[in-house]
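Comments concern the structure below.
The values are calculated or read from the model by the stated rules, or taken from the named source; none is laboratory data. If you're wondering where the values come from, they're calculated on a predicted model, not measured in any experiment. Cβ placement follows ideal geometry from the backbone for every residue including glycine, while neighbour counts extend to all protein chains displayed.
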Amino acid sequence: MTNPETRPPISAYIRTKNEARLVAEVVRAALQVAREVIVVDSGSTDDTVRLAEDAGAKVISMDWLGTGKQKRAAEDLCEHPWLLDLDADEVIPAKLAAEIAALFQNGEPAHKIYALRMIIAPPVGEPWRHVDPDHRNKLYDSREIRMPDSAAWDQLDIPSGTQVPKLKTPIIHYAFTDIGFLLTKQERNMTQRAKSAPLKPLWQLRFRMIFGLPVYFLKRYILKGLFLKGAYGFSFAMTIAIGRWLKDVKMYERHHFEKKDGK
């Protein structure tokens, strides 16, 4: 591992709870380009903390505050102004680390935020390099841009007119171990969002509950190119669509539960 002082002034941060599966690999990969890795752990009962520390991360234990709030707390723990937002299943390849380092070769980067292309690595077969080309805003100057102070939303608040260049090399996202894992993850995330997001009108939720599922599916399966990946691509697209549809159902239920409770 290189001397931290030779790396760009970047702090990477990761939120964890029972992420022993990949956390060590994620930390080591981040330390190819970041001077420090901060892991904010919310009560892991597996080997997450030990593995992260052994890999070179600084681990801070903290109660779960919600998605955006947890990231914002992590920002405040970082030593350097430039931050790299990582999940505990996102691995930076050496080529991407070199591309990020090149941005700092002559001092501060030209822009205040950069997007990374997310490549899903399914448990069956090779990474989907030409499918589902999502980009996420991951590398940013925290002096200019911060995470939202929200329990339900954890993507950056980008000022109007801000340019967001896209880096060429993708980050590898080991998003799930099997379809059951993915469905459980979707249910957990959408439950939290349905609880915290502003309520949509009942008529809109009813419409989405009846007609939304095929639309959510086709957006993934056709527009994101998952039809190129056969039966497993179909299964992945359907699972993501079901998760999105569950958010509508849970928000519909929330309407009635809050009415019953007199809220």
Item to check | Members of the stretch 15-44 that are crowded, with 23+ Cβ neighbours inside 10 Å and in a helix (DSSP H, G or I) | outcome: Val23, Val26, Val27, Ala29, Ala30
Item to check | Of residues in the stretch 219-233 being over 22 Å from the mean Cα position of the chain (by Cα) and without any contact (Cβ under 8 Å) to a residue 40 or more places away in the chain, the one surrounded by the most Cβ atoms within 10 Å (Cβ to Cβ) | outcome: Phe227
Checklist entry - Taking the stretch 204-224 as the region of interest, how many residues are in contact with a helix residue (DSSP H, G or I) (Cβ under 8 Å, 6 or more places away or on another chain) and within 16 Å of Ile119 (Cα to Cα)? => result 3
Next on the checklist: Looking only at the stretch 129-143, filter to residues that are more than 16 Å from Ala110 (Cα to Cα) and assigned to a loop (DSSP other than H, G, I, E, B); which one of those is modelled with the highest pLDDT?
Outcome noted: Arg129
Next on the checklist: Out of the residues in the stretch 66-89 meeting the condition of being of a type in the set (D, E, K, R) and at pLDDT 95 or above, tell me which one is farthest from Asn189 (Cα to Cα).
Outcome noted: Glu79
Checklist entry - Across the stretch 69-83, which residue is surrounded by the most Cβ atoms within 10 Å (Cβ to Cβ) among those that are acidic (Asp, Glu) and part of a helix (DSSP H, G or I)? => result Glu75
Next on the checklist: So for the stretch 107-128 (the condition being closer than 30 Å to Tyr221 by Cβ, small (Gly, Ala, Ser) and more than 15 Å from the chain's Cα centre (by Cα)), does at least one residue qualify?
Outcome noted: yes
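To keep it simple, each residue is scored yes or no on (1) touching a residue at least 12 places away in the same chain (Cβ under 8 Å); (2) surrounded by 15 or more Cβ atoms within 10 Å (Cβ to Cβ); (3) at negative phi.
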residue: Asp46; (1), (2), (3): yes, no, yes
residue: Arg50; (1), (2), (3): no, no, yes
residue: Thr67; (1), (2), (3): yes, yes, yes
residue: Asp85; (1), (2), (3): yes, yes, yes
residue: Pro122; (1), (2), (3): yes, yes, yes
residue: Glu126; (1), (2), (3): no, no, yes
residue: Arg129; (1), (2), (3): yes, no, yes
residue: Asp134; (1), (2), (3): yes, no, yes
Checklist outcome for this item: Of the candidates Ala34, Ala20, Ala29, the one satisfying the condition of being free of Cβ contacts under 8 Å to residues at least 40 places away in the same chain and within 15 Å of Glu90 (Cα to Cα) is Ala20
Next on the checklist: Residues that are more than 20 Å from the chain's Cα centre (by Cα), assigned to a loop (DSSP other than H, G, I, E, B) and of a type in the set (Val, Ile, Thr): does the stretch 4-14 have at least one?
Outcome noted: no
Item to check | Sole exception among (1) outside any helix (DSSP H, G or I); (2) at pLDDT 95 or above for Thr177, by number | outcome: (2)
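Yes or no, residue by residue, for (1) surrounded by 14 or more Cβ atoms within 10 Å (Cβ to Cβ); (2) at negative phi; (3) not in a loop (DSSP other than H, G, I, E, B):
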residue	(1), (2), (3)
Ile145	yes, yes, no
Trp153	yes, yes, no
Pro159	no, yes, no
Thr239	yes, yes, yes
Checklist entry - Is at least one residue of the stretch 29-36 farther than 18 Å from Ser11 by Cα, of a type outside the set (S, T, N, Q) and over 15 Å from the mean Cα position of the chain (by Cα)? => result no
